[in-house]
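The values are calculated or read from the model by the stated rules, or taken from the named source; none is laboratory data. Computed from a predicted model, the values in this text were never measured in an experiment. Positions of Cβ are backbone-derived with ideal geometry, glycine not excepted, and every protein chain shown enters the neighbour counts. Surface areas here come from the heavy atoms of the whole protein model, side chains and all, with no ligands, DNA or RNA. Shrake-Rupley method; radii C 1.70, N 1.55, O 1.52, S 1.80 Å.
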Amino acid sequence: MTPPPPNLSPAPAITGGTFAYDDLAEATGRFSDANLLGQGGFGHVYRGTVGGREVAIKKLQAGGGQGDREFRAEVEIISRVHHKNLVSLVGYCLYGEQRLLVYEYVPNKTLEFHLHGMHARTDAGAP
């Protein structure tokens with residue numbers, strides 16, 4: 001059973017709301033390397049499909065205060081910012097120590113690719 005999400009203050013205005021961990025795990029092939037779009041200091045980003053919609057799912061590293069702060073900052077800030085050049089936050093998942101963010105998927109490579117060219121990963125669409 002998924003524990004209820006904690007109150008994020010102030011409450012974020014998320015259009016998609018919360019997702020169950022098992023649904024996101026299933027959507028990414030159990031976080032398969034085949035669906036890995038990228039990785040960074042705060043976690044990994046996977047491509048998945050939820051409810052027929054292609055999404056990018058950021059799985060933050062479990063444990064450690066920095067990951068929790070990053071999660072809260074992204075939920076509280078990105079859910080309020082809407083701009084044509086930013087991916088939208090679709091929702092999130094809190095499950096035990098797991099913190100996941102669900103974004104719209106944009107199949108136009110990564111910022112790293114556009115900044116550094118051909119040597120960057122070419123299969124992304126990750127936030």
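Does any residue of region 80-91 turn out to be among the polar types (S, T, N, Q) and surrounded by 16 or more Cβ atoms within 10 Å (Cβ to Cβ)?
Yes, region 80-91 has at least one match.
When you check E74 against the structure, is it surrounded by 14 or more Cβ atoms within 10 Å (Cβ to Cβ) and either at pLDDT below 80 or farther than 22 Å from S32 by Cα (or both), yes or no?
yes
Identify the residue in region 18-35 that is aliphatic (A, V, I, L, M) and closer than 15 Å to E104 by Cα and, among all such residues, is least open to solvent (accessible area, probe 1.4 Å). Walk me through it before giving the result.
Looking only at region 18-35, we keep the residues that are aliphatic (A, V, I, L, M), and these are 20, 24-25, 27, 34.
Adding the requirement that they be closer than 15 Å to E104 by Cα leaves 24, 27.
Details: L24: 0, A27: 21 Å².
So, considering only residues that are aliphatic (A, V, I, L, M) and closer than 15 Å to E104 by Cα, the one least open to solvent (accessible area, probe 1.4 Å) is L24.
Pick out, from region 25-99, the strands (runs of 3 or more DSSP E) lying fully within it that include 1 or more residues that are hydroxyl-bearing (S, T, Y).
Counting at least 1 such residues, we get 43-50, 89-95.
Is it the case that some residue within region 40-59 is touching a residue at least 60 places away in the same chain (Cβ under 8 Å) and open to solvent by 90 Å² or more (accessible area, probe 1.4 Å)?
No - not one qualifying residue is present in region 40-59.
If I filter region 83-98 for residues that are over 24 Å from G29 (Cα atoms) and among the charged types (D, E, K, R), do I get at least one hit?
Scanning region 83-98 turns up at least one residue that is over 24 Å from G29 (Cα atoms) and among the charged types (D, E, K, R).
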